[in-house]
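I have placed the structure first, in the form of structure tokens, so that the comments after it can refer back to it.
The values are calculated or read from the model by the stated rules, or taken from the named source; none is laboratory data. All figures in this text were calculated on a predicted structure; none of them were measured in a lab. Glycine also receives a Cβ, built like all others from the backbone with ideal geometry; neighbour counts cover every protein chain displayed.
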Protein chains: 2
Amino acid sequence: MTILVTGGLGYIGSHTVVELLKNNFQVIIVDDLSNSEKFILDNIEKVAGKRPVFFPFDLKRKELLTQVFDAYEIDGCINFAAYKAVGESQEKPLDYYENNLFSLINILQEFKARNISNFIFSSSCTVYGQADQQPIDENTPLKTPESSYGKTKQMGEEILKDFATAHQRKISLLRYFNPIGAHPTALLGELPIGIPNNLVPYVTQTASGIREKLSIWGNDYPTEDGTAIRDYIYVVDLAKAHVKALQKLIFSEEETVIDIYNLGTGKGSSVLEVVQAFENANQVEVPYQICERRAGDITIAYANADKAEKELGWKAETSLEEALRTTWEWQKYLESRNN
Amino acid sequence: MTILVTGGLGYIGSHTVVELLKNNFQVIIVDDLSNSEKFILDNIEKVAGKRPVFFPFDLKRKELLTQVFDAYEIDGCINFAAYKAVGESQEKPLDYYENNLFSLINILQEFKARNISNFIFSSSCTVYGQADQQPIDENTPLKTPESSYGKTKQMGEEILKDFATAHQRKISLLRYFNPIGAHPTALLGELPIGIPNNLVPYVTQTASGIREKLSIWGNDYPTEDGTAIRDYIYVVDLAKAHVKALQKLIFSEEETVIDIYNLGTGKGSSVLEVVQAFENANQVEVPYQICERRAGDITIAYANADKAEKELGWKAETSLEEALRTTWEWQKYLESRNN
């Protein structure tokens, strides 16, 4: 079967492409390289032993997308292509709405026209906002996210649900918690552009001396050590969940499927615990300073991921320390490339 | 000042263009005629004594839109262009998301690039869903609408709020209740395409013999006569509110303005009351039959429109019977055109 992977050279995308290839899917990547680099394609080939087809263009270019669908018999899509920086989305909301919604709708129009089913959407735990209860299961009421980024995810979910219902298609909405880590080969990982927005890339760059100090935004949250708690999920575990979710759609005998899964470990870790785990795993020091809370940050979010375990036979298997060890190896790889 | 009116040959659009021209605004209409006809432009000229500039194209054609913004110094926009049939939106959700969101975002990108403020958005009381209390004021919590049409309105509001906040612009979100009636000259009104979705066009076509019988969807609602209650607002009153909302934005000394107004009469009328009022106003008979409730229909929705009165100096002035009289005159005009 042939799967279109948009944003397939991105962080989660590239890891998922490797897992798809391992499971004998044909993969076609469309990625405009706005948040990745071409060497990732070479590295996918090194890791998986196969080179996926790759088209470098922006999915807003409908006519190019149509050509890809004309040229290949596509059986499904995993749609990673999206802008994803929360802070940037507040400064450039239109670009987020345009990029994230137009690309989604353009693909779905092709699905509709060609009677293709099997669509997997990268959603996020941001759709829950600061949930009233922890852990968060899939029935936790959604709240309007604070950021335009988060709103594009919630809107994407609504568009897909309406699409699946109207046209009898199979979709899976995967709500990621906080992806971390890199491929065990150290050939794939997150490519931070500019100053990292997320904790683990910042920790990593601080350990390597690129950043002077990690800023911890608030240690007066109502948690055990006062720092905010998240659910850090290892990227390879996350990638494997996509293959399972896709296989479930493909093998389902229902015409219309709307699956929703939380993808997390089920365990919350505080910022200080992550810093500590990074130091332990890699025997390095991460200097940090405590700063004021950052507007819009929530106190705590971690998953109840039982549904994915029950229905997909998937669960997170990699420890926080192990994930953070791969991050450090990837950082060393990136530095060796630059020298 | 020059105002771009998208969908300016549509039902509410054409009435608003007339009021803008009366108030000495220059008007540029972009309308793809997907839900209107060219003679409406001639009739606008007959009514207002001026002919607005008109471009017939689809707002998804970004390059044409850019040309319009290049050619004219545009000071603001009233954006009526949107698909609006609730039922159809359930069958073709992608077309609704694509048409309603792409056109909005394309215009806003021009606003952003050229530093234009003053944007008025056609929203709808559908964003409230079945509200927990009546009448509905602007602080009533929103609910996710059932229809894709309604969701495009809610998403449009979110996009505009984020846009105004990020780029310091002035926007006004006008939540229409149920627009009815036609221009007193009988030269402008709603052009029903196919079987009407809304009550008043259906009543009108039944009175004129085009439809055999009006179907009343449910007479077992918890209301006085058992039929559903809505707030019917006369289209010319509604059009005038747009001019007031626009003037408020233009004269506001704030950099960022996010106005939200309910536009309704403040009075609910049941389906049977509307039928009765139509018969009284026009001395015609409207045969009807009672049918099962229609899925998705809510029991009751009427506006608290005090905010628009207080802040815009606007309120509905035309009675239900008077509005229904204009509808009937318009119907007779349409029939005379066809003969």
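For the stretch A:108-120, residues that are buried (at least 22 other Cβ atoms within 10 Å of the Cβ) and more than 10 Å from chain B (Cβ to nearest Cβ) total 3.
When A:GLY226 is tested against (1) surrounded by fewer than 20 Cβ atoms within 10 Å (Cβ to Cβ); (2) of a type outside the set (Asp, Glu); (3) part of a strand (DSSP E or B), just one condition goes unmet, and that condition is (3). Only one of the listed residues (B:LEU187, B:LEU173) is modelled with pLDDT of 95 or more, part of a strand (DSSP E or B) and out of contact with any Leu (no Cβ under 6 Å at 6 or more places or on another chain). That residue is B:LEU173. Taking (1) out of contact with any Leu (no Cβ under 9 Å at 6 or more places or on another chain); (2) more than 13 Å from chain B (Cβ to nearest Cβ); (3) under 30 Å from A:LEU199 (Cα atoms) in turn, A:LYS38 satisfies each apart from (1). Screening the candidates B:ILE216, B:ILE233, B:ILE229 for the property of being within 14 Å of B:VAL274 (Cα to Cα), hydrophobic (A, V, I, L, M, F, W, C) and in contact with a Pro (Cβ under 7 Å, 6 or more places away or on another chain) yields one hit, B:ILE233. Taken as a whole, the condition of being closer than 30 Å to B:ARG114 by Cβ, part of a helix (DSSP H, G or I), basic (Lys, Arg) and in contact with a Lys or Arg (Cβ under 9 Å, 6 or more places away or on another chain) applies to B:LYS153. Considering only residues of the stretch A:52-97 that are within 13 Å of chain B (Cβ to nearest Cβ) and among the small types (Gly, Ala, Ser), which is surrounded by the most Cβ atoms within 10 Å (Cβ to Cβ)? Per the stated criteria, the residue is A:SER89. Taken over the stretch A:204-213, residues that are more than 17 Å from A:ARG294 (Cβ to Cβ) and outside any helix (DSSP H, G or I) amount to 4. Across the stretch A:296-339, the qualifying residues are those that are of a type in the set (Ser, Thr, Tyr) and more than 25 Å from A:ASP137 (Cα to Cα), and the one among them that is modelled with the lowest pLDDT is A:SER336.
Of all the criteria given as (1) surrounded by fewer than 19 Cβ atoms within 10 Å (Cβ to Cβ); (2) out of contact with any strand residue (DSSP E or B) (no Cβ under 7 Å at 6 or more places or on another chain); (3) outside any loop (DSSP other than H, G, I, E, B), the one not satisfied by A:PRO201 is (1). The condition (being farther than 30 Å from A:ILE116 by Cβ and touching a residue at least 60 places away in the same chain (Cβ under 8 Å)) is satisfied by just one residue among A:ALA301, A:ALA281: A:ALA301. In the stretch A:130-156, the residues that are more than 14 Å from chain B (Cβ to nearest Cβ) reach residues that are buried (at least 23 other Cβ atoms within 10 Å of the Cβ) and part of a strand (DSSP E or B) with C-beta atoms within less than 6 angstrom, at least six apart or across chains, in these pairs: A:PRO135/A:ALA303; A:ILE136/A:ALA303; A:GLU138/A:ASN262. Any residue that is of a type outside the set (D, E, K, R), out of contact with any Lys or Arg (no Cβ under 7 Å at 6 or more places or on another chain), over 25 Å from B:ALA48 (Cβ atoms) and away from chain A (no Cβ under 14 Å) - is there at least one of those in the stretch B:183-193? Within the stretch B:183-193, none of the residues are of a type outside the set (D, E, K, R), out of contact with any Lys or Arg (no Cβ under 7 Å at 6 or more places or on another chain), over 25 Å from B:ALA48 (Cβ atoms) and away from chain A (no Cβ under 14 Å). So, in the stretch A:161-180, of the ones that are facing another protein chain (nearest Cβ under 10 Å) and in contact (Cβ under 8 Å) with a residue 60 or more places away in the chain, which residue ends up surrounded by the fewest Cβ atoms within 10 Å (Cβ to Cβ)? Per the stated criteria, the residue is A:THR165. Here A:VAL271 meets the list (1) without any contact (Cβ under 8 Å) to a residue 40 or more places away in the chain; (2) buried (at least 23 other Cβ atoms within 10 Å of the Cβ) almost entirely, failing just condition (1).
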